[in-house]
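Visitor: Could you have a look at this structure, given as structure tokens, before my questions?
The values are calculated or read from the model by the stated rules, or taken from the named source; none is laboratory data. All figures in this text were calculated on a predicted structure; none of them were measured in a lab. Because the Cβ atoms are built from the backbone with ideal geometry, glycine has one as well, and the counts that use them run over all protein chains shown. Just so you know, the surface numbers come from the protein's heavy atoms only, side chains and all, with ligands and any DNA or RNA stripped out. Shrake-Rupley method; radii C 1.70, N 1.55, O 1.52, S 1.80 Å.
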Amino acid sequence: MRKSRSQFRLALSHLKRSRASMISLFILLVLYAAAIFTDFIVPYAYDDEERLFSYAPPSRVHFFDDAGKLRPPFIYAKTIELDEYRRRVYREDKEKIYPLKFFAKREKYKFLFLFGFDRCLLGVDKPARIYLWGADSRGRDIFSRLIYGSRISLTIGLIGVSISFLIGLIIGGISGFYGGGLDNFLMRLTEMVMMIPTFYLMLSLRAAFPPGLSSAHVYLMVVFILSFVGWPGLARVIRGMSLSLREREYVLAAKTLGVSDIKIILRHILPHCSSYAIINAALAIPAYILGETALSLLGLGIQDPMPSWGNMLSEAMNIVQIRFYPWVLLPGLFIFAVVMAFNLLADGLRDALDPLFKK
Amino acid sequence: MLRFSLRQNNKDSNLSRLFPALIFFLAFFCGFRPGFSADTKYGGELILAATSDPRSFNPILAKETSTTSITQIIFEGLTRTNGLTLAVEPALALSWSVDKSGLVWDFKLRRDVVWFDGERFSADDVIFTFNKLIYNDDIPNSARDIFSIEGQPVKVQKIDEFHVRFILPKKFAPFLRAMSTEILPKHILESSVENGKFNFTWGADSKPSEIIGTGPFMLSQYIPGERIVLRRNPDYYRRDKNGNNLPYMEKIIFIILGNQDTALLKFLDGEIDYYSLRGTDYPLLKPKEKERDFTIYNTGPAFGSNFIVFNQNSGLNPRSNKPYINANKLGWFKDVNFRKAIAHSIDKEMIIQILMNGFGIAQDSAMSPSAGFFYNPDVEAYDYDLDKARDILDESGYKDIDGDGLLEDENGKDIEFSLYTSAQDNQRIQMAAIISNDLSRIGIKVNFLPLEFNNLVQRLTSTFDWDAMIIGLTGGIEPHFGRNVWASSGRLHMWNPEQLSPQTSWERRIDEIFDLAVQELDEKNRKSLYDEWQVIVSKELPLIYTVLSDSMFAVRNKFGNLKLSSFGGAFHNLEEIYIKN
């Protein structure tokens, strides 16, 4: 126990030295925290739409009123009209000011799925609506939807990776430890899964599921699809590692002492693969996030009105939207940031954990 | 012009007889002399975008628009529909007459039509096209369905070289419109029909010079995935008012672009001359009209339709012996009040605003307003009123008894169904999302699911496992051609297809209307029949219509003689269009 902690400390101090990794870690922690406290942070529910405010631009937060007097931050309500080119023109209605309110009232929700609550971090009184990052085609708040979407986009990677790593570790471990015919069979199976182009495999798995699923089911299904696509690569590497590990003295010692095979695999072989597995997991998460994005972008993943970064981005598939309402691209920015952060973090982790790099 | 006469000279060398040479000289003088006066109209090219590659160049086998948009330029029928007035006008036929019984139609053919290879067009080609191609059971084609009147073929007889007689088994009102079916050359295709190879003739891999038609332009080059080039047919028979040979333009080029956004960018860059725009493109294009030298035309509501349809199929799945949909759902879907409540929950106004930037109309009738004569505006309309929808549901026994926010039917089952639409069509996905949201407000749970288009069509036409769909149909000006949808025995009678006998009284009446109207040669009586049909549809709501977008075209300013219409689009009169200097 003691040794492992010091090893952990060692790795952590090593990781701390890499600035890029620490920044990435910080970004990820902030985003995951936002995902946990979503309901409290966002001013509106993800399906709260106001069709009249289609593509409303981000609300401007004012500090000075028309008379030039300094006030606590506030916004104006907006009115919309179409100009001669049928562009949506939003004007601020300066008649009345709507101060930003902390702990403002919003629709009732279950805080952390535990108890009912109806306050949020920041909001304004009705009928004005605060769009921190603009609105989508049906006047839903992009900020709220992004944070709600992070619940899906951020967890799908973690859960997907855990499942596929579980499969990969077990199959790789067994295959390498026993060798022979079983190894042959399992490895040919993995190759068969690897042979199919990933994206088409995802599409055909998606088609195999029955229609009319609830959004929770669709979410689980997407996780399953992504994990099913993700495990073979890892299984191959783990198999190679356990193939060499099983010849080590301590494994032979355990064998002679009569320890059961399963125990040897779980206690002596797989822990030695763990640093590789952790690095690999951090590198693999972005692939899951992108996989969900691709499915949802094609309308085959998470379904509207549930937001995910992928299906939100599908609104930005048209140049007209990007030209006039660039804020619909925000989910893309978030995907980019998260993918980048995971990659940099994995880089740092590799330096920290890989014994070969240690001086 | 010079090139024009040179081509004729080359061809002359192939013809050894004196007579054709004489004809050539006549043609030469007729065509050439007045040509000087309007010399400036000739030449130039039109560059269009095609959405995908044509599958073949065979108009009889063609099913998809990527093929027909090319073949309709290369080939012609005996008649054609004027793209602007929607009237039937002669094409390869000069004139026609019908006897008192309305069954015997005599067509007089033009004598001045030649195929691209110089062979003369005659009655033999017409007889061949009907008897050897359309009525050939080995050749799958959609024209056979149209020309099988109550299952019987039309008799086609040759009277002399330029006269053809059609004898119908029964009266058939849209006969003249149907006669726009393309005529193919006997001298080219006869051998392939005899060898049984017709179904592989004129595929997409054929040499361009092998595709022989009579139209204003002929195929000159096809590079798969890249472009299709059509060249002017110098022997085309139509003349302008001054007797000049048509067409004016030298080339039509289709650039194959998969994506509408690519087409939009290419149009703005000046690489293509035409772009069919969506309402949402308007704010991007309109301000650039002057700078980029083009004009946006809005010709009013488009043809076609968008609607919600509910599965009312009470049949059993022959494989599993279970009903296609469960009895509860079937009960709601068959309830006209349920469908009326849905119709009141469609926020047509905002759908038009959001998805079409205001360029569209709420559709109430089964025909598009652009269809003109047969369109009936006096049908039941359903405004967006969620309270009214709630009241209708409440009165019909759908109430929320257990207080979970969802309505239940009399058996206590929650009202919940799946709604499918095409995953490729962003506009329909958005429409479905808006409608689902409103339905959830009145206590109906909708599981909305976009599917791949072929999967959607398969469910609709063969497996029948679906609850509700948002889908569309192409439309036209002749209601009878929608018979496969409206007749209770029709394959596309989506809500309850291929019934052995009509299961409801209103479906029976629609069957009657279609059977009566097709035999009614008096246009006024026909119209009143089809008016009644549109009223029945709006009252019974087998299809709940949503919104119809405007047809809008952006065309570069260099073209003369443009006569745009929703029916024909921007270039239906291709041969008359010229390029201004």
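Visitor: Could you tell me which of the residues B:Lys334, B:Lys329 is under 30 Å from B:Leu393 (Cβ atoms), within 12 Å of chain A (Cβ to nearest Cβ) and modelled with pLDDT of 90 or more? Don't jump to the end; show me each part of the working.
Guide: Working: B:Lys334 fails: within 12 Å of chain A (Cβ to nearest Cβ).
Of B:Lys334, B:Lys329, the one residue that is under 30 Å from B:Leu393 (Cβ atoms), within 12 Å of chain A (Cβ to nearest Cβ) and modelled with pLDDT of 90 or more is B:Lys329.
Visitor: Same structure, new question: In segment B:413-431, what count of residues is obtained for those that are at the interface with chain A (Cβ under 10 Å from one of its Cβ atoms) and either open to solvent by less than 20 Å² (accessible area, probe 1.4 Å) or not in a strand (DSSP E or B) (or both)?
Guide: Number of matching residues: 12.
Visitor: Hey, another quick one. What number of residues within segment B:181-199 are in contact (Cβ under 8 Å) with a residue 24 or more places away in the chain and open to solvent by 50 Å² or more (accessible area, probe 1.4 Å)?
Guide: Filtering segment B:181-199 for residues in contact (Cβ under 8 Å) with a residue 24 or more places away in the chain gives B:181-190, B:193, B:196, B:198-199.
Next, only the ones that are open to solvent by 50 Å² or more (accessible area, probe 1.4 Å) stay: B:186-188, B:190, B:196, B:199.
Residues in segment B:181-199 being in contact (Cβ under 8 Å) with a residue 24 or more places away in the chain and open to solvent by 50 Å² or more (accessible area, probe 1.4 Å): 6 in total.
Visitor: Quick one: which residue in A:Tyr131, A:Tyr109, A:Tyr90, A:Tyr148 is open to solvent by less than 70 Å² (accessible area, probe 1.4 Å) and more than 28 Å from the chain's Cα centre (by Cα)?
Guide: Numbers: A:Tyr131 fails: more than 28 Å from the chain's Cα centre (by Cα); A:Tyr109 fails: more than 28 Å from the chain's Cα centre (by Cα); A:Tyr148 fails: more than 28 Å from the chain's Cα centre (by Cα).
None of the other options fit; the residue is A:Tyr90.
Visitor: Can we say A:Ser214 is exposed (fewer than 14 other Cβ atoms within 10 Å of the Cβ), in contact with a strand residue (DSSP E or B) (Cβ under 9 Å, 6 or more places away or on another chain), more than 21 Å from A:Gly179 (Cα to Cα) and at pLDDT below 80?
Guide: Details: exposed (fewer than 14 other Cβ atoms within 10 Å of the Cβ): yes; in contact with a strand residue (DSSP E or B) (Cβ under 9 Å, 6 or more places away or on another chain): yes; more than 21 Å from A:Gly179 (Cα to Cα): yes; at pLDDT below 80: yes.
So A:Ser214 fits the description; yes.
Visitor: Same structure, new question: If A:Glu81 satisfies all but one of (1) within 14 Å of chain B (Cβ to nearest Cβ); (2) in a loop (DSSP other than H, G, I, E, B); (3) of a type in the set (Asp, Glu), what's the number of the condition it fails?
Guide: (2)
Visitor: Something else about it: Can you confirm whether segment B:366-376 contains a residue that is surrounded by fewer than 19 Cβ atoms within 10 Å (Cβ to Cβ), within 14 Å of chain A (Cβ to nearest Cβ) and among the hydrophobic types (A, V, I, L, M, F, W, C)? Spell out the reasoning first.
Guide: So the first thing to find is which residues in segment B:366-376 are surrounded by fewer than 19 Cβ atoms within 10 Å (Cβ to Cβ), and the list is B:369, B:372-373.
Keeping just the survivors that are within 14 Å of chain A (Cβ to nearest Cβ) gives none.
Among the residues of segment B:366-376, not one is surrounded by fewer than 19 Cβ atoms within 10 Å (Cβ to Cβ), within 14 Å of chain A (Cβ to nearest Cβ) and among the hydrophobic types (A, V, I, L, M, F, W, C), which makes the answer no.
Visitor: Hey, can you tell me all the residues within segment B:57-79 that are over 19 Å from B:Lys186 (Cβ atoms) and of a type outside the set (Gly, Ala, Ser)?
Guide: B:Lys63, B:Glu64, B:Thr65, B:Thr67, B:Thr68, B:Ile70, B:Gln72, B:Ile73, B:Thr79
Residues are listed down the side, and each one gets a yes or a no for (1) farther than 30 Å from A:Ile285 by Cβ; (2) in a loop (DSSP other than H, G, I, E, B):
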{"site": "A:Ser24", "(1), (2)": "no, no"}
{"site": "A:Tyr44", "(1), (2)": "no, yes"}
{"site": "A:Asp66", "(1), (2)": "yes, yes"}
{"site": "A:Pro72", "(1), (2)": "yes, no"}
{"site": "A:Tyr76", "(1), (2)": "yes, no"}
{"site": "A:Tyr90", "(1), (2)": "yes, no"}
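Visitor: Taking A:Ser242 and the conditions (1) open to solvent by less than 30 Å² (accessible area, probe 1.4 Å); (2) within 30 Å of A:Trp309 (Cα to Cα); (3) of a type in the set (S, T, N, Q), which numbered condition does it fall short on, given that it satisfies the others?
Guide: (2)
Visitor: Oh, and also: Can you name the number of the only condition in (1) of a type in the set (Ser, Thr, Tyr); (2) in contact with a Leu (Cβ under 8 Å, 6 or more places away or on another chain); (3) within 14 Å of another protein chain (Cβ to nearest Cβ) that B:Tyr398 fails?
Guide: (3)
Visitor: Being closer than 23 Å to B:Met356 by Cβ and crowded, with 18+ Cβ neighbours inside 10 Å: is that true of B:Phe448 here? Step through it out loud before you land on a result.
Guide: Values: closer than 23 Å to B:Met356 by Cβ: yes; crowded, with 18+ Cβ neighbours inside 10 Å: yes.
Here the answer is yes, as B:Phe448 does meet what is asked.
Visitor: A follow-up question, please. Look through A:Leu329, A:Leu345, A:Leu333 and report the one residue that is modelled with pLDDT of 85 or more, under 25 Å from A:Gly157 (Cβ atoms) and surrounded by 18 or more Cβ atoms within 10 Å (Cβ to Cβ).
Guide: Numbers: A:Leu329 fails: surrounded by 18 or more Cβ atoms within 10 Å (Cβ to Cβ); A:Leu333 fails: surrounded by 18 or more Cβ atoms within 10 Å (Cβ to Cβ).
Going through A:Leu329, A:Leu345, A:Leu333 in turn, the sole match is A:Leu345.
Visitor: In addition: From the set of residues in segment A:134-145 that are of a type in the set (A, V, I, L, M, F, W, C) and closer than 15 Å to A:Leu333 by Cα, which is surrounded by the fewest Cβ atoms within 10 Å (Cβ to Cβ)? Please lay out each step first, then the result.
Guide: If we filter segment A:134-145 for residues that are of a type in the set (A, V, I, L, M, F, W, C), which is where we start, we get A:135, A:142-143.
Filter again for closer than 15 Å to A:Leu333 by Cα, leaving A:142-143.
Details: A:Ile142: 25, A:Phe143: 23.
Of everything passing the filter in segment A:134-145, A:Phe143 is surrounded by the fewest Cβ atoms within 10 Å (Cβ to Cβ).
Visitor: Output the residues belonging to segment B:467-485 that are of a type outside the set (Asp, Glu) and either at the interface with another protein chain (Cβ under 8 Å from one of its Cβ atoms) or free of Cβ contacts under 8 Å to residues at least 60 places away in the same chain (or both).
Guide: So in segment B:467-485, the residues of a type outside the set (Asp, Glu) come out as B:468-477, B:479-485.
Of everything in segment B:467-485, those that are of a type outside the set (Asp, Glu) and either at the interface with another protein chain (Cβ under 8 Å from one of its Cβ atoms) or free of Cβ contacts under 8 Å to residues at least 60 places away in the same chain (or both) turn out to be B:Arg483, B:Val485.
Visitor: Here's another thing I want to ask about it. Could you list all residues from segment A:56-82 that are surrounded by 11 or more Cβ atoms within 10 Å (Cβ to Cβ) and more than 20 Å from A:Gly123 (Cα to Cα)?
Guide: Once the filter is applied, which keeps residues that are surrounded by 11 or more Cβ atoms within 10 Å (Cβ to Cβ) and more than 20 Å from A:Gly123 (Cα to Cα), segment A:56-82 yields A:Ile80, A:Leu82.
Visitor: Test of understanding: among B:Asp378, B:Asp383, B:Asp404, B:Asp394, which residue is out of contact with any Phe, Trp or Tyr (no Cβ under 8 Å at 6 or more places or on another chain) and either assigned to a helix (DSSP H, G or I) or aliphatic (A, V, I, L, M) (or both)? First the steps, then the outcome.
Guide: Working: B:Asp378 fails: either assigned to a helix (DSSP H, G or I) or aliphatic (A, V, I, L, M) (or both); B:Asp383 fails: either assigned to a helix (DSSP H, G or I) or aliphatic (A, V, I, L, M) (or both); B:Asp404 fails: either assigned to a helix (DSSP H, G or I) or aliphatic (A, V, I, L, M) (or both).
None of the other options fit; the residue is B:Asp394.
Visitor: Quick check on segment A:237-246. Is at least one of its residues assigned to a loop (DSSP other than H, G, I, E, B) and either over 22 Å from the mean Cα position of the chain (by Cα) or of a type in the set (Asp, Glu) (or both)? Steps first, answer last, please.
Guide: Going through segment A:237-246, the residues assigned to a loop (DSSP other than H, G, I, E, B) turn out to be A:246.
Remaining after also requiring either over 22 Å from the mean Cα position of the chain (by Cα) or of a type in the set (Asp, Glu) (or both): A:246.
Within segment A:237-246 (the criterion being assigned to a loop (DSSP other than H, G, I, E, B) and either over 22 Å from the mean Cα position of the chain (by Cα) or of a type in the set (Asp, Glu) (or both)), the answer is yes, since at least one residue qualifies.
Visitor: So, of the residues in segment B:266-283 that are open to solvent by 30 Å² or more (accessible area, probe 1.4 Å) and within 14 Å of another protein chain (Cβ to nearest Cβ), which turns out to be farthest from B:Arg110 (Cα to Cα)?
Guide: We begin by selecting, within segment B:266-283, every residue open to solvent by 30 Å² or more (accessible area, probe 1.4 Å); these are B:266, B:269-271, B:274, B:276, B:278.
Pick out the ones that are also within 14 Å of another protein chain (Cβ to nearest Cβ) and you get B:266, B:269, B:278.
Working: B:Lys266: 41, B:Asp269: 43, B:Arg278: 41 Å.
Checking each candidate, the answer is B:Asp269.
Visitor: Also: Pairs only if they're at least six apart or on different chains, beta carbon under 7 angstrom, first in segment B:432-453 and facing another protein chain (nearest Cβ under 8 Å) and farther than 23 Å from A:Tyr219 by Cα, second among the β-branched types (Val, Ile, Thr) and assigned to a loop (DSSP other than H, G, I, E, B); list them, first residue then second.
Guide: Final answer for the pair search is none.
Visitor: Still on this structure: Filtering segment B:245-265 down to residues that are touching a strand residue (DSSP E or B) at 6+ places or on another chain (Cβ under 9 Å) and within 12 Å of chain A (Cβ to nearest Cβ), which residue is surrounded by the most Cβ atoms within 10 Å (Cβ to Cβ)?
Guide: Within segment B:245-265, the subset touching a strand residue (DSSP E or B) at 6+ places or on another chain (Cβ under 9 Å) is B:245-257, B:260, B:262-264.
Narrowing further to those that are within 12 Å of chain A (Cβ to nearest Cβ): B:260, B:262-264.
Values: B:Gln260: 17, B:Thr262: 14, B:Ala263: 22, B:Leu264: 24.
Within segment B:245-265, the match that is surrounded by the most Cβ atoms within 10 Å (Cβ to Cβ) is B:Leu264.
Visitor: May I ask you to list the residues in segment A:269-319 that are among the hydroxyl-bearing types (Ser, Thr, Tyr), touching an Asp or Glu at 6+ places or on another chain (Cβ under 8 Å) and either within 14 Å of chain B (Cβ to nearest Cβ) or open to solvent by less than 30 Å² (accessible area, probe 1.4 Å) (or both)?
Guide: A:Ser308 - this is the single residue of segment A:269-319 that is among the hydroxyl-bearing types (Ser, Thr, Tyr), touching an Asp or Glu at 6+ places or on another chain (Cβ under 8 Å) and either within 14 Å of chain B (Cβ to nearest Cβ) or open to solvent by less than 30 Å² (accessible area, probe 1.4 Å) (or both).
Visitor: If you don't mind, another one. When segment B:132-180 is examined, which residues are found to be closer than 13 Å to B:Val104 by Cα, open to solvent by less than 20 Å² (accessible area, probe 1.4 Å) and not in a loop (DSSP other than H, G, I, E, B)?
Guide: B:Val156, B:Val164, B:Phe166, B:Phe175
Visitor: Let me ask something additional. Looking at B:Asn455, B:Asn484 in this structure, which one is touching a Gly at 6+ places or on another chain (Cβ under 6 Å) and part of a helix (DSSP H, G or I)? It would help to see each step written out before you state the result.
Guide: On the way: B:Asn455 fails: touching a Gly at 6+ places or on another chain (Cβ under 6 Å).
Unique residue meeting the criteria: B:Asn484.
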